[in-house]
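As C-alpha cells, the structure follows; a few thoughts come after it.
What follows is calculated from the coordinates using simple rules that are stated; it is not laboratory data. Keep in mind that what you see is a predicted model, and the values were worked out from it rather than measured. A quick note on method: Cβ atoms are made from the backbone with ideal geometry, for glycine too, and the neighbour counts reach across all protein chains shown.
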Amino acid sequence: MQHKLRAKVAVIIPCYRAKNKVGTLCNQLIKIASELSNICSISVYIVDDFCPDYSYKEIPKSEIFNVIHNKNNLGVGASSLIGFKEALNSENQFFIKMDSDGQHPPEYLLELVPYLLNLPLNELTLVKGTRFHFPINNKNIPFDRRLGSFLLEPLSRMCLVYKGLTDISNGFFSMNQITLKYLISKKFKTNIESRYLFECSIIKRCSNLGANLHQFPMHTIYGKEWRSSMKSSNMIYPLLKFWGFNFLRDILYKYIYKLSLGSFFLLSSIISLLTSLYFLFLHILPKINSNILVTAGNASIFSANLVISIFLFSLFVLYDYSKKKNVKIVFFKKFAE
C-alpha cells in the first residue's frame, strides 16, 4: 500500500516545565515538516499545562503550531488527550505524541511518519519507541528509571497480551485515526489516566482491544540539565496499584467470566493449593508443635497437593502465554546512526 499524497499528520506535545527545551524541539519540527511536505502536512498541537515557567513562550511563529492553554495543571495524560481530540476534530489522519523536554529526538519522525502512512487504515495499531531493546541503549538513561523498569515491568507484562514488549512507560508513540478513536472511546474498560500513568493506561487499553503493537528501538536524550517534573520514588505505589488491580481484573474476566482450558488449570491449581494448606495448618503444624508424629498419610496428601498445584499453575502460565500476541520490531536507520 502506498501512502496518500499530503496525508494530515498531527504531533501532540504536552508542555510543562520545558523551559530552554521546547523552543529547540519546535525549530527542529519546522525543518522536519518541510522535509516531509511532499507526502504529508504536519500540524503540531502544543498543550500548555499551566506551566509556571511559561515554556510556551519559546514556541516560534509558524503556521504548523497550534497552542492550547490549560487553565489549571491537568497532568500529561489529560493534556495529551486534549491535544488528541483537537487534532481529531481537525480531521488529521495520523497522530504522534512526543514529550516537550527534548528526550524524544524528532529526527525519528523522518522514518516514523512514512511508516505510519503505509499501515492499514482499518487496523488498530500502536507504534511506540523503546529504550530497552538493546542493552547498549541503557547507558544514558537515569539509574532510577532503569531500576523502576526492571522491577515493575514484569508485573505489567503479566497484564498485557503482548510478547516481547519492552519500555511500557515510553511516551513516544503514534497511531492511525481508527486506533485513536477506539482508545479515547468511553465504551471500553481501563480508564485513560490523567497523569503519569497515562502511557501505562494507553498500553493497557490497546491490550484489551487486541490492537497490534509495533515498537522501534530509539535513543533518548538525557542531558546534564535534564530533570523530570515527577519523582520516580513517588511512582512505585501507584504503578503497583495500577498493574496489581488490572492483573486481578484480567484473571477474573478472562478465566472466571469466560471459562476455558486455562480456567481449569487455574481453578484446579487453587483447589490443590488450598487442600495442601488445609492439611498443613490443621493436621501437620499442630502435631509438630505438640511433638506428635505426623502420619505418612497427612504428609503425603500435603506434598502431593502442593506438587500438583505447582504443576497446574505452570500449565496455566504456559496457556496464558500462548494466547499473547507478538510485538513487531521496526528498525529505523536513525537508531544506528
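A Förster radius of 35 Å, combined with the Cβ-Cβ distance separating ASN326 from LYS31, puts the computed FRET efficiency at roughly 0.50.
With unit charges on the beta carbon (Lys/Arg positive, Asp/Glu negative), name the residue among SER174, ASN246, LEU121 whose Cα is farthest towards the positive pole of the charge dipole of the chain. My answer, from the dipole projection, is ASN246.
Put +1 on the Cβ of every Lys and Arg and -1 on every Asp and Glu Cβ in the chain; which of SER194, HIS69, PHE95 then has its Cα farthest towards the positive end of the dipole? Checking the options against the dipole of the chain, the answer is SER194. Annotation: the residues VAL307, VAL330, sorted from fewest to most other C-beta atoms within 10 Å of their own C-beta, follow the order VAL307, VAL330. Relative contact order of the chain, taken over Cα pairs closer than 8 Å and 6 or more residues apart, is 19 percent. Taking each DSSP H run with n ≥ 4 as -39500 (n - 2.57) and averaging over every residue of the chain yields -13500 deg cm²/dmol at 222 nm.
Relative to the longest principal axis of the Cα atoms of the chain, the long axis of helix 236-251 lies at roughly 60 degrees. Rounded to the nearest 20 debye, the dipole magnitude of the chain is 420 debye, with +1 charges on Lys and Arg beta carbons, -1 on Asp and Glu beta carbons, and the Cα centre as origin.
In the list (i) 40, 31, 14; (ii) 47, 22, 18; (iii) 35, 20, 19, the label attached to semi-axes √(5λ) of the Cα gyration tensor in Å as derived from the coordinates here is (ii). With springs only between Cα atoms under 10 Å apart, run a GNM on the chain and tell me which of ARG205, ARG131, ARG195 wobbles the most. Looking only at ARG205, ARG131, ARG195, the largest GNM fluctuation is found for ARG195. Once you have a ≥ b ≥ c as the square roots of the Cα gyration tensor eigenvalues for the range 253-315, tell me rounded if a/c is under 1.5, and otherwise prolate or oblate according to whether a/b is larger than b/c. It is prolate, given that a/c is not under 1.5 and a/b is the larger ratio. Of the peptides 84-95, 292-303, 53-64, the order by per-residue mean of other Cβ atoms within 10 Å, starting with the highest, comes out as 84-95, 53-64, 292-303.
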